[in-house]
Amino acid sequence: MLDRDAVIAWLRESDQSRLFELFAWADRVRHESVGDAIHLRGLLEVSSFCVRQCAYCGINATNRTARRFRMDRDEILAAAREAKGYGYGTIVMQGGEDYGIKAEWMADIIRAMKQDVGLAITLSLGERRPDELKLWKEAGADRYLLRFETSDPALYRLIHPALPGGFEDRIQQIRMLQEIGYEAGSGVMVGIPGQSWDSLADDIMLFSTLDLDMIGVGPYIPHPDTPMGAWMLEGRGEVAFPKLPEGEQVPGNAETAFKVIALTRLLCPDSNIPSTTAIATLNREGGRRQGLMCGANVVMPNLTPAKYRECYEIYPNKATLVETAGVCARNLKDSFEQMGRFIGSGAGGRVRH
Ligand code: 5AD
């Protein structure tokens with residue numbers, strides 16, 4: 001089987017024919033363990049307010065240029081009905097860590113949505129209190145996404161300033177989600193400054209240790225109005241990020257993201273793995289497709305109403321800025337069929353082997 005050293009060797013591999021073998025292997029394992037269905041999760045970006053100061057993220061609290069919005073109840077429920085109409089099995093409500101999203105308000109929306117459309121509901125709303133997470137679970141939420149972003153504790157702390165008195169251990173948060181009974185998802189960004197091949201291998205090994213139901217990875221895309229993006233793009237800023245020796249820094253490109261998807265599929269055969277928007281953003285022609293051919297089995301089409309989409313700029317030029325939900329829904333079916341795949345029916349939760 002793949003141990004940490006083998007994972008590191010694959011991550012460093014640059015021979016295209018060897019990589020082709022890796023991707024084909026992961027594609028075979030994907031076929032055997034989760035089948036040929038591609039599950040669609042409609043992504044609704046419900047709020048761009050955020051209290052956190054994550055150094056990479058365009059909607060972090062300190063970015064004065066970020067435009068803030070919060071969808072209202074009717075808009076959210078209308079989008080869920082739209083998703084149902086397109087045949088999606090899951091709605092993902094994602095937002096910044098926004099304490100304007102009151103626990104009871106969200107619980108009421110979850111209940112109404114369950115009753116109205118009956119789809120699986122995934123939440124991705126940052127680090128919330130255990131009682132809030134329990135309330136949402138009881139209201140009918142099924143899954144929760146919270147990426148740990150990097151398994152390197154020092155790098156984690158550098159890029160995620162804690163809230164005063166705040167809770168810092170995200171791994172513990174993920175375990176708590178599992179205890180509450182959520183299907184739990186996590187993931188990392190690929191190519192953040194200071195991320196070495198060894199550290200990326202640790203991330204992948206940790207996916208398997210945590211026994212995650214969902215694992216999302218995408219390249220880090222610098223956003224100019226963030227501390228990390230300013231440092232990467234213009235070499236300026238108050239925070240200095242680590243500089244690794246030549247050959248040790250992981251590049252934030254699509255190929256590295258594909259390697260991570262493939263290795264993740266091999267180590268976590270029955271997890272749900274999306275081909276993410278960040279990958280499609282770097283490679284608009286075939287990025288999403290390629291991810292689906294090296295281990296991924298999930299796509300998250302964007303359902304956010306057009307007027308809010310450009311405000312949810314976690315990184316620039318997001319691939320989903322232009323395609324409307326309707327056009328996207330129509331195109332996906334054809335493109336999947338060309339790959340010998342089909343749109344999954346039902347909620348598409350994890351089926352353990
Ligand atoms: N580039 C790529 N991904 C990003 N995310 C946030 N900012 C960026 C960026 N600049 C990812 C994080 C977060 C997810 C919602 O989006 O991994 O968990």
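Out of 99, 156, 88, 144, report the one residue that is in contact with a Gly (Cβ under 6 Å, 6 or more places away or on another chain) and aromatic (Phe, Trp, Tyr).
Criteria check complete, one pass: 88.
What do you reckon, is residue 257 touching a Ser or Thr at 6+ places or on another chain (Cβ under 8 Å), within 12 Å of the ligand (Cβ to nearest atom) and aliphatic (A, V, I, L, M)? Before you say what the answer is, go through the steps one by one.
Details: touching a Ser or Thr at 6+ places or on another chain (Cβ under 8 Å): yes; within 12 Å of the ligand (Cβ to nearest atom): yes; aliphatic (A, V, I, L, M): yes.
For residue 257, the condition - touching a Ser or Thr at 6+ places or on another chain (Cβ under 8 Å), within 12 Å of the ligand (Cβ to nearest atom) and aliphatic (A, V, I, L, M) - is met.
Could you go through segment 2-23 and let me know if any residue there is part of a loop (DSSP other than H, G, I, E, B), more than 30 Å from residue 332 (Cα to Cα), away from the ligand (no atom under 14 Å from the Cβ) and open to solvent by less than 20 Å² (accessible area, probe 1.4 Å).
yes
Just to verify a result, which residue in segment 307-318, among those that are assigned to a loop (DSSP other than H, G, I, E, B) and open to solvent by less than 40 Å² (accessible area, probe 1.4 Å), is farthest from the ligand (Cβ to nearest atom)?
311
Examine segment 324-342 for a residue that is more than 28 Å from residue 85 (Cβ to Cβ) and in a loop (DSSP other than H, G, I, E, B), and state whether such a residue exists. Reasoning before the result, please.
Of the residues in segment 324-342, the ones more than 28 Å from residue 85 (Cβ to Cβ) are none.
No, segment 324-342 has no match at all.
Take segment 142-184 and flag every residue that is aliphatic (A, V, I, L, M) and exposed (fewer than 15 other Cβ atoms within 10 Å of the Cβ).
154, 162, 163
Would you say residue 199 is away from the ligand (no atom under 12 Å from the Cβ) and open to solvent by less than 50 Å² (accessible area, probe 1.4 Å)? Outline the logic, then answer.
Numbers: away from the ligand (no atom under 12 Å from the Cβ): yes; open to solvent by less than 50 Å² (accessible area, probe 1.4 Å): yes.
When the stated conditions are applied, residue 199 passes them.
Report, by residue number, each residue of segment 56-85 that is under 17 Å from residue 228 (Cα atoms) and surrounded by fewer than 22 Cβ atoms within 10 Å (Cβ to Cβ). Quick ask: steps written out before the conclusion?
First, pick out the residues of segment 56-85 that are under 17 Å from residue 228 (Cα atoms): 56-66.
If the condition is that a residue be under 17 Å from residue 228 (Cα atoms) and surrounded by fewer than 22 Cβ atoms within 10 Å (Cβ to Cβ), then 61, 62, 63, 64, 65 are the ones that fit.
Could you name every one of the helices (runs of 4 or more DSSP H) located completely within segment 125-220 that has at least 2 residues being acidic (Asp, Glu) and either more than 30 Å from residue 6 (Cα to Cα) or in contact (Cβ under 8 Å) with a residue 60 or more places away in the chain (or both)? Step through it out loud before you land on a result.
Working: elements: 130-139, 153-159, 170-180, 197-210.
In segment 125-220, the matching helices (runs of 4 or more DSSP H) lie at 130-139, 197-210.
With (1) open to solvent by less than 10 Å² (accessible area, probe 1.4 Å); (2) over 18 Å from the mean Cα position of the chain (by Cα) as the list, and residue 236 as the residue in question, which single condition is left unmet?
Exception for residue 236: condition (1).
Conditions first: (1) more than 18 Å from residue 155 (Cα to Cα); (2) within 16 Å of the ligand (Cβ to nearest atom); (3) touching a helix residue (DSSP H, G or I) at 6+ places or on another chain (Cβ under 9 Å). Residue 214 passes all but one, so which condition is the exception?
The single condition residue 214 does not satisfy is (3).
Take the conditions on the phi < 0 side of the Ramachandran plot, touching a Phe, Trp or Tyr at 6+ places or on another chain (Cβ under 7 Å) and among the polar types (S, T, N, Q) and apply them to residue 196. Does it pass?
no
I'm trying to understand the selection: among the residues of segment 253-274, which are within 15 Å of residue 14 (Cα to Cα) and surrounded by fewer than 24 Cβ atoms within 10 Å (Cβ to Cβ)?
If the condition is that a residue be within 15 Å of residue 14 (Cα to Cα) and surrounded by fewer than 24 Cβ atoms within 10 Å (Cβ to Cβ), then 253, 254, 255, 256 are the ones that fit.
Take segment 319-332 and flag every residue that is crowded, with 20+ Cβ neighbours inside 10 Å and within 15 Å of the ligand (Cβ to nearest atom).
320
Given 157, 143, 147, 111, which one is under 23 Å from residue 37 (Cβ atoms) and not aliphatic (A, V, I, L, M)?
Selected residue: 143, the only one of 157, 143, 147, 111 that is under 23 Å from residue 37 (Cβ atoms) and not aliphatic (A, V, I, L, M).
Would you call residue 106 under 26 Å from residue 58 (Cβ atoms) and assigned to a strand (DSSP E or B)? Can you show your working first?
Working: under 26 Å from residue 58 (Cβ atoms): yes; assigned to a strand (DSSP E or B): no.
Here the answer is no, as residue 106 does not meet what is asked.
Okay, residues lined up against (1) within 13 Å of the chain's Cα centre (by Cα); (2) more than 14 Å from the ligand (Cβ to nearest atom); (3) closer than 26 Å to residue 104 by Cα:
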residue: 162; (1), (2), (3): no, yes, yes
residue: 169; (1), (2), (3): no, yes, yes
residue: 174; (1), (2), (3): no, no, yes
residue: 189; (1), (2), (3): yes, no, no
residue: 192; (1), (2), (3): no, no, no
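The values are calculated or read from the model by the stated rules, or taken from the named source; none is laboratory data. Note that the structure is predicted; figures quoted are calculated from it, not measured. Cβ coordinates were reconstructed from backbone atoms using ideal geometry, including for glycine residues, and neighbour counts include every protein chain displayed. Quick note on the areas: whole protein, heavy atoms, side chains included, nothing else; ligands and nucleic acids left out. Shrake-Rupley method; radii C 1.70, N 1.55, O 1.52, S 1.80 Å.
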